[in-house]
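Below is one structure, written out as structure tokens, with a few remarks after it.
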Amino acid sequence: MKIFESPGVPGLKIRFFLLNLSCCLIIISCNNKDYQKVPEENKMTLQDSIQHGEYLVKTIGCHDCHSPKTMTERGPQEIPELALSGYLADDSIPPLSVEAMKNGWVLMNDQLTAFAGPWGISYSSNITSDDTGIGTWNMERWKTAIRKGKLKGDNNGRMILPPMPWQNFAKLTDEDLESIFKYLKSTKPVKNAVPAPVSPVKLDSLKTV
Ligand code: HEC
């Protein structure tokens with residue numbers, strides 16, 4: 001490159017080289033993907049993380065879909081002892097209007113835990129600390145599930161179905177995601193094996209209305 005060719009002024013060559021090198025370093029550090037990483041001395045204690053995770057779970061809306069509810073005059077109310085345990089295994093879905101779905105409607109049950117749409121029927125997962133929830137998961141699986149939308153954090157598994165908005169949650173910082181997981185791990189375990197989703201081709205056979 002021309003800038004290195006400064007005949008007769010050897011010191012200049014070195015200065016140009018150093019200038020180039022520092023430009024490269026600045027560019028590399030600006031591209032550094034680890035910008036979300038928190039310096040060791042600023043890291044939260046486990047208790048702080050759990051509290052922060054609880055705050056996020058309660059404000060981002062996980063309960064909206066993952067907590068069983070009773071329907072009241074003022075709308076769905078969470079059942080505290082079943083919080084985050086997903087669609088209840090012994091529950092049944094109300095009659096399905098395939099006609100409405102053909103007209104473009106997406107349906108959900110009155111607990112907001114079962115959802116029927118072009119993807120079939122999905123049931124909100126149990127995300128409590130029980131083994132039927134996320135009790136056996138580790139942080140790596142958790143991050144694969146939320147960042148890549150892979151069921152059970154299994155890279156070879158199927159994609160998580162709508163309406164779970166993992167594409168939004170994938171944008172959370174490492175610190176936030178880790179805090180949510182630490183909080184979920186600290187929740188009261190609720191045993192509830194959520195049924196597998198129903199494939200769209202089977203919807204017609206479930207047609208009841
Ligand atoms: C709009 C509804 C909705 C919201 C809001 C929602 N989820 Fe979900 N979530 C679902 C549904 C439905 C499934 C099951 C999808 C499937 O079977 O593929 C699911 C699946 C999951 C899974 C995968 C479980 C597994 O076994 O692989 C995790 C983890 C999860 N949700 C965590 C969360 C967390 C944490 C929040 C809040 C930050 C949240 N979800 C908010 C509907 C929702």
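Within the range 82-102, track down each residue that is assigned to a helix (DSSP H, G or I), within 28 Å of the chain's Cα centre (by Cα) and modelled with pLDDT under 95.
Correct list: Met101 only.
Please tell me if Glu178 is in contact (Cβ under 8 Å) with a residue 40 or more places away in the chain, more than 8 Å from the ligand (Cβ to nearest atom), more than 29 Å from Trp105 (Cβ to Cβ) and not hydrophobic (A, V, I, L, M, F, W, C).
yes
Which of the residues spanning the range 162-189 are polar (S, T, N, Q) and within 11 Å of the chain's Cα centre (by Cα)?
Gln167, Asn168
Condition first: at pLDDT below 90, closer than 29 Å to Gly135 by Cα and either in the same structural domain as Ala193 (by TED's automatic domain parsing) or assigned to a loop (DSSP other than H, G, I, E, B) (or both). Can you find one or more residues in the range 47-65 that meet it? Step through it out loud before you land on a result.
Kept after step one, since they are at pLDDT below 90, are these residues of the range 47-65: none.
No, because not a single residue in the range 47-65 is at pLDDT below 90, closer than 29 Å to Gly135 by Cα and either in the same structural domain as Ala193 (by TED's automatic domain parsing) or assigned to a loop (DSSP other than H, G, I, E, B) (or both).
Can you tell me how many residues in the range 111-120 are more than 9 Å from the ligand (Cβ to nearest atom), within 26 Å of Glu81 (Cβ to Cβ) and in a strand (DSSP E or B)?
0
Take the range 76-117 and flag every residue that is surrounded by fewer than 17 Cβ atoms within 10 Å (Cβ to Cβ) and among the hydroxyl-bearing types (Ser, Thr, Tyr).
Ser92, Ser97
When you scan the range 56-79, how many residues do you find that are over 17 Å from Asn168 (Cβ atoms) and either among the hydroxyl-bearing types (Ser, Thr, Tyr) or touching a strand residue (DSSP E or B) at 6+ places or on another chain (Cβ under 7 Å) (or both)?
Just the residues of the range 56-79 that are over 17 Å from Asn168 (Cβ atoms), to begin with: 67-79.
Subset that is either among the hydroxyl-bearing types (Ser, Thr, Tyr) or touching a strand residue (DSSP E or B) at 6+ places or on another chain (Cβ under 7 Å) (or both): 67, 69-70, 72, 76-79.
So the count comes out to 8.
Name the single residue, out of those in the range 48-62 being surrounded by fewer than 16 Cβ atoms within 10 Å (Cβ to Cβ) and within 13 Å of the ligand (Cβ to nearest atom), that is farthest from Pro165 (Cα to Cα).
Residue satisfying both the conditions and the ranking: Tyr55.
Name the residue, out of Thr132, Thr136, Thr128, Thr72, that is free of Cβ contacts under 8 Å to residues at least 12 places away in the same chain, β-branched (Val, Ile, Thr) and under 18 Å from Pro189 (Cα atoms).
Answer to the selection: Thr136.
Quickly run through the range 143-160 and pick out the residues that are crowded, with 18+ Cβ neighbours inside 10 Å and either more than 11 Å from the ligand (Cβ to nearest atom) or closer than 20 Å to Tyr87 by Cα (or both).
Scanning the range 143-160 gives Ala145, Ile146, Lys150, Gly153, Ile160.
The values are calculated or read from the model by the stated rules, or taken from the named source; none is laboratory data. All values reported here derive from a predicted model rather than from experimental measurement. FYI the Cβ positions are ideal-geometry reconstructions off the backbone, even for glycines, and counts take in every protein chain you see.
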